[in-house]
1. Give me the residue from the range B:88-124 that is farther than 24 Å from A:Ile354 by Cβ and within 10 Å of another protein chain (Cβ to nearest Cβ) and, out of that set, surrounded by the fewest Cβ atoms within 10 Å (Cβ to Cβ).
2. Mind checking which residues of the range A:283-329 are closer than 26 Å to A:Glu40 by Cβ, among the charged types (D, E, K, R) and more than 14 Å from every other protein chain (Cβ to nearest Cβ)?
3. Out of everything in the range A:361-382 that is out of contact with any strand residue (DSSP E or B) (no Cβ under 9 Å at 6 or more places or on another chain) and touching a residue at least 60 places away in the same chain (Cβ under 8 Å), what residue ends up being farthest from the other protein chains (Cβ to nearest Cβ)?
4. Please verify whether the range A:217-233 includes one or more residues that are acidic (Asp, Glu), in a helix (DSSP H, G or I) and in contact with a Ser or Thr (Cβ under 6 Å, 6 or more places away or on another chain).
5. Pick from the range B:77-87 the residues that are within 11 Å of chain A (Cβ to nearest Cβ) and not in a helix (DSSP H, G or I): which of them is surrounded by the most Cβ atoms within 10 Å (Cβ to Cβ)?
6. Report, by residue number, each residue of the range C:336-359 that is more than 23 Å from C:Glu252 (Cβ to Cβ) and either without any contact (Cβ under 8 Å) to a residue 40 or more places away in the chain or not in a helix (DSSP H, G or I) (or both).
7. Name, by its number, the condition in (1) modelled with pLDDT under 90; (2) aliphatic (A, V, I, L, M); (3) touching a helix residue (DSSP H, G or I) at 6+ places or on another chain (Cβ under 6 Å) that does not hold for B:Ala269.
8. Identify all residues within the range C:154-198 that are within 14 Å of chain B (Cβ to nearest Cβ) and touching a residue at least 12 places away in the same chain (Cβ under 8 Å); write none if there are none.
Amino acid sequence: MGLKTLEKITAALESRPAELEQLRKQGKKIVGWLAYNIPEEIIYALGLIPIRIGQGGDGRLVEVGARHISTKNCVFVRQVLGQFAEKTDPYIKQLDLVAIDATCIQLYRLEELINFYFDYNTVVLGVPRNFATKEGHEYFRKEVEFFTKKLELFAGVSLEQSRLEEAIKIYDGIREAIKTLYRYQSLDNSLLSWRQVASVINAGYNLDRERYLELLQELIQEVEANLSEESGTREVEARIFLSGSLIPPGDTKLIDIIEQLGGRIVGDDLWSGLNFFLNLNIKEPTPYGVADAYIDRVPHGSLPYLDLKSDGRLANLKHQIKEFKADGVVYHTLRYCDAFTFKAGETKDVLGNIPFLEIHTEYSGSDFEAIRTRVEAFIEMIKSKKEITELV
Amino acid sequence: MSISGNYFAGVDVGSLAAKSVILKDGEIFATGLVPSGVNSVESGLSALNLALETAGLKKEDLIYIVGTGYGRVSAPYANKAVTEITCHAKGTNYLHPTVRTIIDMGGQDCKAIRIDQDGSVVDFAMNDKCAAGTGRFLEVMAGVFKVKLEDLGSIALSATDTVPMSSTCTVFAESETISLVARGERPENILNGIHHSIANRIAGLFSRVGIESDVFFSGGVAKNSGMKTAIEQALKVNIVKPEIDPQLIGALGAAVIARNFARKEGLWA
Amino acid sequence: MAITAPFSYPESIKEKFIATPGLKFKDGTTVSSAEIWEFMTKEAPKRFPYAFDAGANNMGRFSDDVHFLSGIKRGYLTLTLKDRVMKEHAAGTPTVLVQGGQAMDAYYAAGGIPVRPGLVMQWARNMHEGLSLRQSETLGLNILESGRRKISIDACNQIAAHAAIDNKVVPIDLIAPFLCLRCSDMSFLVETHRNREHDIPRYLVDYPVDHENKPWAAEYIATELRELIAKIAALSGRTITDEVIFNEIKLENRGRRIATEIAELWWDAENPPTNSTDFFGIAFLANDFVGDPVAAVDLLEQSKIEIEERVRNNVKGFGVPDHAKRLYICGSCVGPNAHHAQTAGAIFVGRDDSWSCISVPVEEEGDPYLNIAKSMLAYPYEQRTEKRAEWTADQVKRSRADGVIFMYQWGCNYQSGVARMISDIVKEKAGVVTTFVEVGELGRSEATEQSTNRVEAFIEMV
């Protein structure tokens, strides 16, 4: 028995591009945005429609994008560039403005290229590398304030505090709901899988936010109503935690492989996944308040942090692995995503004894078999550790 | 079933060769090694049939067969498929129970494997794409110098110098080699550089998993004496002498695992 | 490999050379030209034979234009870097890892010696003396490999410097670069030091992106500069006042100004008065200062006098081909081999990276921290790419270049990302042919066929 609400979400997604077309005809403007530190609440509060853009997994689009950048750049950046080059994506072709933050410097380059080669209006939000310092906070406050002014000009309205308060409420609701869904998917007696939660998150990038929140709440109710009585006596499974570079919509290679080989993904600390929804507490409904809250969340791996012991991202990773009772960590790194690739060895050291596999890959299918072998060996390793009777 | 023993087989189909090992009750009874063709099912069967022929057995005489290597995904003759990482671990442990670290270099990848006293995999790392650290690289170089692959090692060992190899790409390294020859560099010195370059890639894998003695070198490339020396220098270890052809270790491990599966499933006591 | 006779300075120029002024250093000491000659003809060839390898593949090869006497002195500064830095370090001067292409004023003002990754590697290789070129390159490659092993094969060559520090090949007291836009990896490489046994303190001077018309960007950097200078001064023991910082700024501004004046002279000359190696050395001196801004500025003044004289007498640099094709080079950390290019009929007339650094003086009054911050933010190389490209196009026109080569390293996510866009804009605005070349060679003097091929083909095309 499938979860009915998931079908509703799929249906909502299918009709969304047409819906956006209608809204644009009514004078509404669409802002495509990426990635971790863009304050979506502000976009929403100004009456603009935020759509998070960017897909992965398409080797052909990567090649198209690479013509405008280089083959030495992150595959996700190349593919997004390819999407803008072709303009066949139903969201990309309806964007009135593209807002990109400079958390990841390669994404900042993306903004420049989109602006230059494909004639989109763009706006950049600067992000401090020294995000934990007082001056870093000051800088980010000014950046968010400037960003807000630019959006106000674009929207033709000023930001009203009451509208921002409303937006924060909706987004807080979304964040809580996603956290709840994550808890359920890791249980043995719920119908919900990690993969389904990932697809729900991806859907949320495009849907109307109020409607999305309603759907999320419906989904939670449905999941709770369908929790099975048995406490779960599943056969020995390998509970896998995903970490590393983002896994955007459309990039399913690694997930497919893990699941085909009998691994079960039970959690992640991806910036495109759970981390995005954690620890965001907007205390004041102002651009400064929003800025402080965003920069104080679980840090993004692209922002350097110079002290290992107090690194918030690693602390969160360790915590989540325990929370989700993971047996092993698959650390997924995209080629030329130096932020996460360079930290693979360190992450392994920090996590200690838990089985750890790095998968360094890109969007072509040519390494499918190679990844299969690695993941399969990893799952064999985990299972043989877990089984009471010897497997081999 | 033959009344004179219990037989188990492992079949390892790789990118360059298909290998098979038959165990009789626990002892190595027969082996087979053939070059891999495009059809991995046929390659696996050829290797298995060769071993059966040598043993004077028929396929029905085998209690259990485990397939491994890249060809394991299409091995209809096998009861089960297990990755070559796990098989190399078991195979090495079977012959050399003191080994705790395995370096495996096959046709298209190289692996660093840490194992425990029972031959279970404790940790492993494998090369990423385009890291020029595989048997294929050596094959290409043998072609460039028009020498036999099996002679590469001894040629490298006769070098008086090491020409550093620059490229991170096998294809580019080929053109670099040609230009070095044109500049008057001696082939043995270039080959020495190539071996050291590959050893560096291997050493990179070990920075992730660490090394513990004893150390074993498996896979086809292990037969290359120059490679063995370069790796010993890069990792600062001594590699144990293999009891059998190191290219057969994966198939041996698969056969050991076949025996264990058979016992677990009650097919053999 | 064909044995080439090592490079040496001929006796015939000795008399002229030792009649020229020597060099002054920041500690007040001086060295005479006679002493420089002694070093460059007797001592250095024994200690650093690799530097005297005359093979065309030697990227660091001395200029063949031995009559350009300032070039010999620049070689002296390069080869004595290790001795000078080690001596100062032993006396308590802190060494600081920085980035290439950033302002050095703050570091010297605070009493430190900033060392960029390229110089760290040169210093590291010089810790072993008596090495041939191959031996020296192999040593460098081994350090590079050790870095890649620990971190990733995807890293650019800069990782070698971090490995040299990590492996304690050279003593570095503080890792504190600016995070300019030019480099994708510096922040992540500095970060890797947090998982090491050594506990060298580290600090990043963040460089905000998209900073036009944003006064808070300069304020952010200025606050960080205060922190940076305080950290270095705590190690050096120097008392920092605004005056101390301004003195350093004024000195380095002088160097920038002289280098810019030399560039203008050189570009306007009918015949290039020096070859590429000597010309690029000018901009380099005015940004890097090779451990001693007093000596570097002194040498720049001497260089200007020599070049002025050459231009007056319409002297062409030795080895510069007749009707040389003029190429402008873009990109950081890697460049085409000037000797190969010369043989193929080309001369390099400018480099965006270095020229950007020398083109922006620091204001000499007011708040020195804010002034350094503003100057960094004004570097043409560090602007939004479209603006950077427009400046590059102006440079190309000013230098009368016939073509542009944009080179970037394997593993560089940044310069690789903008190469195409800059090439397209320059092609359109300056009307010259452009190309971009990725350099994937781990070392630099061996097996460079791939890059050399592409560069020579481009030169033929121009």
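1. B:Gln108
2. Those that are closer than 26 Å to A:Glu40 by Cβ, among the charged types (D, E, K, R) and more than 14 Å from every other protein chain (Cβ to nearest Cβ): A:Lys283, A:Glu284, A:Asp292, A:Asp296, A:Arg297, A:Glu323.
3. Filtering the range A:361-382 for residues that are out of contact with any strand residue (DSSP E or B) (no Cβ under 9 Å at 6 or more places or on another chain) and touching a residue at least 60 places away in the same chain (Cβ under 8 Å), the one farthest from the other protein chains (Cβ to nearest Cβ) comes out as A:Gly365.
4. Narrowing the range A:217-233 to residues acidic (Asp, Glu): A:218, A:222, A:224, A:229-230.
Going one step further and asking which of them are in a helix (DSSP H, G or I), we end up with A:218, A:222, A:224.
Narrowing further to those that are in contact with a Ser or Thr (Cβ under 6 Å, 6 or more places away or on another chain): A:218, A:222.
Yes: the range A:217-233 contains one or more residues that are acidic (Asp, Glu), in a helix (DSSP H, G or I) and in contact with a Ser or Thr (Cβ under 6 Å, 6 or more places away or on another chain).
5. Checked the range B:77-87; the qualifying residue surrounded by the most Cβ atoms within 10 Å (Cβ to Cβ) is B:Thr83.
6. Step one: of the range C:336-359, the residues more than 23 Å from C:Glu252 (Cβ to Cβ) are C:336-349.
Within the range C:336-359, C:Pro336, C:Asn337, C:Ala344, C:Gly345, C:Ala346, C:Ile347, C:Phe348, C:Val349 meet the criteria.
7. B:Ala269 satisfies all of (1) modelled with pLDDT under 90; (2) aliphatic (A, V, I, L, M); (3) touching a helix residue (DSSP H, G or I) at 6+ places or on another chain (Cβ under 6 Å) except (3).
8. So in the range C:154-198, the residues within 14 Å of chain B (Cβ to nearest Cβ) come out as C:154-157, C:159-160, C:163, C:166-167, C:192, C:195-196.
If the condition is that a residue be within 14 Å of chain B (Cβ to nearest Cβ) and touching a residue at least 12 places away in the same chain (Cβ under 8 Å), then C:Asp154, C:Ala155, C:Cys156, C:Asn157, C:Ile159, C:Ala160, C:Ala163, C:Asp166, C:Asn167, C:Thr192, C:Arg196 are the ones that fit.
The values are calculated or read from the model by the stated rules, or taken from the named source; none is laboratory data. Being a predicted model, the structure only gives us computed values, none of them experimental. Because the Cβ atoms are built from the backbone with ideal geometry, glycine has one as well, and the counts that use them run over all protein chains shown.
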